[in-house]
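Inspection log for the structure reproduced underneath, given as C-alpha cells.
The values are calculated or read from the model by the stated rules, or taken from the named source; none is laboratory data. Since we're looking at a predicted model, the values are computed, not measured. So basically every Cβ, Gly included, is an ideal-geometry build from the backbone, and we count neighbours across all protein chains shown. Heads up: the accessible areas ignore ligands, DNA and RNA and are worked out on the full protein's heavy atoms, side chains in. Shrake-Rupley method; radii C 1.70, N 1.55, O 1.52, S 1.80 Å.
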Amino acid sequence: MGEPSPDSARAPDRIATYKAEIQRNTAELTERFRAGAPVAELIHERTGFIDRLLTEAWHLDLGRHAPNIALVAVGGYGRGELLPHSDIDLLILLDESGTATADLPYQQELSEFLHFLWDIGLKPGHSVRTAIECADEARADQTVITNLLEARVLAGSEALWRAVEQQLAPDRMWPTAVFFEAKLAEQRVRYAKFHNTAYNLEPNVKEGPGGLRDIQLIGWIIRRHSNARGLHELVVHGWLTDAEYLELKESQEFLWRIRFALHTLTGRCEDRLLFDYQRELAGLFGYGGETANEVVERFMQDYFRTVTGVERLNELLLQLFNEAVLHREEEPAPAPVNAHFQVVNDYLEAVHPQVFREHPLALLEVFLLLQKNSALEGIRAATIRLIRQHIYLIDDAFRSDAEACRLFMAILRQPGGITHQLRRMNRYGVLAAYLPEFGQVVGRMQYDLFHVYTVDEHTLFVVRNLRRFALEEFRQENPLCYELFQLVDKPELLYIAALMHDIAKGSGGDHSEVGEKIAEEFCRRHQIGPRETHLVKWLVRNHLVMSMTAQRKDLSDPEVIHEFARIVRNQNTLNHLYLLTVADIRATNPSLWNSWKGALLAELYTSTSWTLRRGLDTPPDYAEQIAAAKDEAQALLQRFGLAEDTVAAVWENIGDDYFLRFLPEEIAWHTTSIAACRPEHLPLVLLRPESLRGSAEVFIYDRNRDFLFAQSTAVLDQLGLTVLDAKIIASRQGFALLSFNVLEQSGAAPEGLFRLTHICDRLKQVLSGGSAPPPPVSRLAARQIRHFTVPTQVFFHDDPQHRFSVLELIATDRPGLLSKVGQAFMKAGIRLHNAKISTIGSRAEDIFFVTDRQDRPLAEESDRKALRRTLIEFVGDH
C-alpha cells in the first residue's frame with residue numbers, strides 16, 4: 001500500500017471501514033460482558049484494539065515522519081484502562097526542530113489524522129508538545145505530570161519519549177513529598193464536590209469518594225515514589241497485605257463492571273449511577289428480591305459497601321505512605337499512653353502487633369483513648385490494619401462482656417468526640433461488629449428521592465446533629481434545641497435512641513417496633529436502669545410521631561394538641577422527642593429541613609408544653625382560645641389605629657373557626673387589609689416574605705366562586721413556588737379568604753421587589769378572569785420523578801370534632817397537582833377548608849379538610865366513593 005495523500009487518507013470508504021470495525025469490537029465486547037466474561041480482560045482487549053487501530057492509522061498518515069514525532073497514550077488510555085466509550089487521551093510529541101505552535105512540515109497530515117479519529121467515532125483528547133514544553137507544563141501543573149506518569153509510546157520515536165521521561169524525574173520536578181501533598185489536596189477538593197460522602201442517591205462511580213479515582217490516586221503516588229506499575233507491586237513493596245490487595249482488586253473489578261455496563265447501556269462515557277440505570281443494572285448483575293425496589297437496594301448496598309472499603313484502603317495507604325516515607329526521619333520516640341498504646345507523631349499506635357489478640361477489649365479502648373486525648377490526630381496506619389485483622393474477636397462473648405459494655409457507654413458519655421469516634425468505628429468495621437443489627441444497615445439505601453443517605457450514614461448524622469445542639473458555636477442553628485439540650489440529664493440516652501431508631505430498616509417488620517426490641521436488649525446488656533430504658537424504648541417506637549403530627553394534622557385544632565400531649569405524657573419525654581425529631585429530619589436530606597418545618601415543630605412543642613402545664617385532665621376550651629386570639633389581635637389593631645367598629649364590621653362576617661386557625665398577628669394583618677379594600681378593587685392579593693410560620697404568606701380575598709383554589713395553586717405552581725399549607729375561610733356574605741404558606745423550591749422565602757410584585761400581579765391577573773378554568777401548569781417535572789411513580793390512593797379519616805371529613809391523597813408529586821385537586825373538588829361539589837401539603841421525595845402525601853356545599857362532613861360512603869373516583873379521574877396515574 002503506497003503513501004496516501006491527505007484526501008485519500010480520509011476517503012469515505014476508509015472512514016466507514018474503521019467505524020464498522022469499532023462498532024463490531026464494541027458489540028463483541030458487550031456480548032461477552034453480558035455473558036459473564038471478566039471485565040479486566042475486556043478492558044485489556046479494548047485497549048489493545050484501539051492501540052492497533054491508532055497505530056495503523058498513524059503509520060498511514062504520518063509514518064514517514066517517525067524520527068521527528070511520536071504518538072503517546074497518556075492518562076487512562078496510557079494506563080490501559082479503556083472502556084467502550086472512554087476518551088482517548090493522546091500526546092503528539094514533537095522533536096525540538098519546531099514548537100507545538102509553529103508551522104510544521106507535517107501539519108496537514110497531523111490535522112487530517114486527528115480529524116480522522118473524530119470521523120470514525122473516537123473522542124481524542126490530545127495535546128501537541130515538544131519534550132521541553134511537556135516538562136514546562138508538567139512543572140506548572142500536577143495534573144499534567146499525573147497524566148504523563150503512565151504514558152506509553154504507540155508509534156514513532158521512542159527516543160523522544162525517553163527525553164521527556166528524563167525531564168519528569170522526581171529530582172527535577174515534583175519530588176515525592178510535594179506530589180503527595182498536591183494529590184491529597186486534589187482528593188479533598190474532589191470529595192467536597194460530593195459533600196464528603198460516597199452515599200449519594202446517584203453516585204459517580206469514577207470520581208465519587210471510594211470510586212475508581214481513589215484507586216488510581218494510590219497508584220500515582222506509589223509510582224511517583226518507587227516507579228511501581230500495577231496494584232500488585234503494592235504487595236511487593238510491602239504497602240498492602242495479600243488480603244488487602246485481594247479486596248482492592250475485587251473492588252476495582254466490581255466498579256469496572258458497573259462502569260462498563262453504564263457505557264454499554266447509554267452508548268456514551270457515563271460514570272454516574274443514575275436512577276435511570278440502577279434498576280436495569282441490578283437485573284443485569286443477577287440481583288433478586290421480593291420487590292423491584294428491594295432488588296435495587298441490594299445492588300446499591302453492595303456498591304456502597306464496596307466504595308466504603310475502597311475509602312478505607314485509600315485512607316490506610318495514604319497514611320502509611322505519609323508515615324513510612326515522608327516523616328520517617330523526623331519520627332520521635334514513642335510516648336507511652338498505657339500498657340496497650342503509645343503515641344507517635346500525634347497518632348495512636350498499638351505497642352506491639354499482638355495487642356488486640358492478647359487484649360481484645362483494646363478494640364474499643366483505642367477509640368475511647370482518642371476521645372480523651374483530643375490533641376491526637378488519629379490512629380497509625382499499622383494499627384488500623386491490626387484493628388481490621390482482629391475484628392473477628394468481637395463475638396457474642398465480647399459483646400456480653402461487662403467491661404466491653406462499660407467502654408462503649410464511656411464513649412457515648414464523653415463530653416466530646418462522640419460523632420468522630422462512631423464514624424471511625426463504622427469506617428473500620430468495629431461498630432457493625434459490636435452492634436450486629438447495625439451491621440445489617442451499613443450501606444443500605446432506600447430506593448426513593450427522600451432518603452439521600454444510607455441508613456448507617458443517616459444514623460450517624462442524627463448523632464452529629466444531637467451533639468451540635470449541645471455546642472454554643474451552633475446555637476444559632478436552632479436556639480430552642482440548644483436551650484432544651486441543656487435540660488437533658490443523660491445525653492447518652494438520646495444517642496442510644498438515635499443509634500436504634502432506624503436500626504431495623506429492612507428487617508421485614510415495622511422498623512419502629514423491631515427497633516424498640518433491639519433497643520431494649522441493648523439497654524439490658526449495658527446495665528441501663530428501668531426508667532431510662534423505658535424512655536429509650538419509647539423514643540425508638542415513637543420517633544416519627546411528632547413529625548407526622550406536625551406535618552399531617554391541623555395544629556390549630558386544640559383536640560389535636562391534646563391528643564398528642566396524651567401520647568407524650570410529660571415534659572421530659574417531649575423535650576427528648578423534640579430534639580430527636582429535629583435531628584432526624586435534618587439528617588434525612590439536606591434540602592428537607594427549612595424554616596417552615598422548624599416553625600411547625602416549634603409550634604407543636606410550645607402548644608403541647610402549654611397543654612401539659614394545664615393538665616391532661618383539663619379538656620380543650622375552644623371558647624377560651626378564640627377569645628384569647630381575638631383579644632391579642634384587637635390589641636395589635638388598636639396600635640395600628642384601626643377603630644373598633646371597623647374591626648367589628650370585618651369580623652362579624654367571619655366564623656369563629658377563623659380565630660382558631662390563624663395567629664393574632666396574622667388576624668391583624670388580614671383585618672387591616674380587608675378593611676382598607678373596596679369591593680371594586682377585588683381580588684385583593686398581598687404577599688409578605690416573612691411570617692411567624694417560617695415561610696412567606698400569600699393572602700387572597702375575593703368573592704367566593706368556582707376554581708378559586710385551583711386557579712391560585714396553578715399560578716403559584718407555575719411560578720415555581722412550593723405550597724406548604726393552605727387555609728380557606730368562607731365569609732357569611734359570599735367572600736373567601738385564602739392564605740397560602742409558600743417557599744421557593746430551594747427552601748428559601750421569595751425575595752426581591754421584582755419577584756414579589758410579579759407573584760402578586762400574576763395572581764391578580766388570573767383571578768380577575770372570573771370562574772374560568774385554571775391555566776395549565778407547563779413546568780417540567782424533575783428527571784428522577786419518572787423512576788418513582790406512586791399509585792394514586794385516597795383515604796378518609798374522621799375528624800374528632802366532626803367538623804370536616806379529613807381526606808388523605810397519596811400520589812406522584814408533579815407540577816399542577818394541587819390545581820387538579822381543586823378542579824376535582826369543584827366538580828364533585830366539595831368545599832375545601834384547610835390543606836396540609838407534604839412532599840416526600842416523589843411522593844405527595846397531602847391532607848385536605850373538606851365538607852359538602854352545606855359545610856357538612858361527608859358522612860355517606862357513597863359520597864366518599866364518588867369523590868374518590870373524581871380525584872383519581874383528575875390526578876390519577878397519568
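Structural descriptor for the chain: relative contact order 7 percent, calculated from alpha carbon pairs under 8 angstrom and at least 6 residues apart. Excluding ligands, DNA and RNA, the accessible surface per residue across the stretch 169-326 is 39 Å² with a 1.4 Å probe. Semi-axis lengths, largest first, of the ellipsoid equivalent to the chain are 59, 39, 24 Å, with √(5λ) applied to each eigenvalue of the Cα gyration tensor. When nucleic acids and ligands are ignored and a 1.4 Å probe is applied, residue 257 ends up with an accessible area of around 90 Å². If you roll a 1.4 angstrom probe over the protein chains with everything in place, what fraction of the accessible area of the chain belongs to carbon and sulfur, to the nearest %? The C+S portion of the solvent-accessible surface of the chain is 51 percent.
Only alpha carbons enter this Debye calculation for the stretch 720-878, each as an equal point scatterer, and the log10 of I(q)/I(0) it gives at q = 0.09, 0.10, 0.11, 0.16 Å⁻¹ is -0.32, -0.39, -0.48, -1.03. Taking a Cβ cut-off of under 12 Å around residue 541, the surrounding Lys, Arg, Asp and Glu residues balance to a net charge of -2, with basic ones at +1 and acidic ones at -1.
In this label model, residue 854 and residue 177 are separated by 9.0 nm, measuring between points 7 Å along each Cα→Cβ vector.
Considering every alpha-carbon pair of the stretch 632-680, the percent of pairs per 5 Å bin, from zero through the bin containing the longest distance, is 4, 21, 36, 26, 11, 2, 0. Spacing of the modelled spin labels on residue 119 and residue 16, each 7 Å from Cα toward Cβ, amounts to 1.3 nm.
If R0 equals 35 Å, the separation of the Cβ atoms of residue 703 and residue 613 corresponds to a calculated FRET efficiency of about 0.20.
Normalised per residue, the accessible area of the stretch 570-672 is 41 Å², obtained with a 1.4 Å probe and no contribution from ligands, DNA or RNA. Once the Cα-Cα distance is subtracted from the 0.36 nm per residue extended length, the residue 87 to residue 688 segment shows a gain of 211.1 nm. Spatial offset of the stretch 691-746 relative to the stretch 393-463 amounts to 45 Å, using the alpha carbon center of each.
Hydrodynamic estimate: the Kirkwood radius of the stretch 458-556 over Cα pairs, inserted into Stokes-Einstein at 20 °C and 1.002 mPa s, corresponds to D of 147 µm²/s. A straight chain from residue 808 to residue 159 at 0.36 nm per residue would run longer than the Cα-Cα distance by 226.0 nm. When only Cα pairs under 8 Å and 6 or more residues apart are kept, what is the percent relative contact order across the stretch 715-820? Relative contact order for the stretch 715-820 comes out at 22 percent. Local charge for residue 234 was computed over the other residues whose Cβ lies under 11 Å away, with Lys and Arg +1 and Asp and Glu -1, and equals 0. Protein heavy-atom accessible surface, 1.4 Å probe, per residue over the stretch 352-490: 41 Å².
Here the Karplus relation 6.51 cos²θ - 1.76 cosθ + 1.60, evaluated at θ = phi - 60°, turns the backbone of the stretch 361-366 into coupling constants of 5, 5, 5, 9, 4, 4 Hz, with x for every Gly and Pro. Taking 24 Å as the limit for the C-alpha separation, the pairs 517/836; 517/597; 727/820; 206/505; 193/505 exceed it in the case of 517/836; 517/597; 206/505; 193/505. Around residue 246, under 14 Å between beta carbons, what's the net of Lys plus Arg minus Asp minus Glu among the other residues? Spelling it out: positives minus negatives among the neighbours equals -3.
Tell me, what is the FRET efficiency for residue 640 and residue 768 to the nearest 0.05, using R0 = 22 angstrom and their Cβ-Cβ distance as r? Using R0 = 22 Å, I get an efficiency of 0.20. Once you reduce the stretch 164-188 and the stretch 572-590 to the center of their Cα atoms, the two points are 47 Å from each other.
For the stretch 409-433, the residues whose amide N sits under 17 Å from a probe point set 7 Å from the Cα of residue 305 along the beta carbon direction are 426-433.
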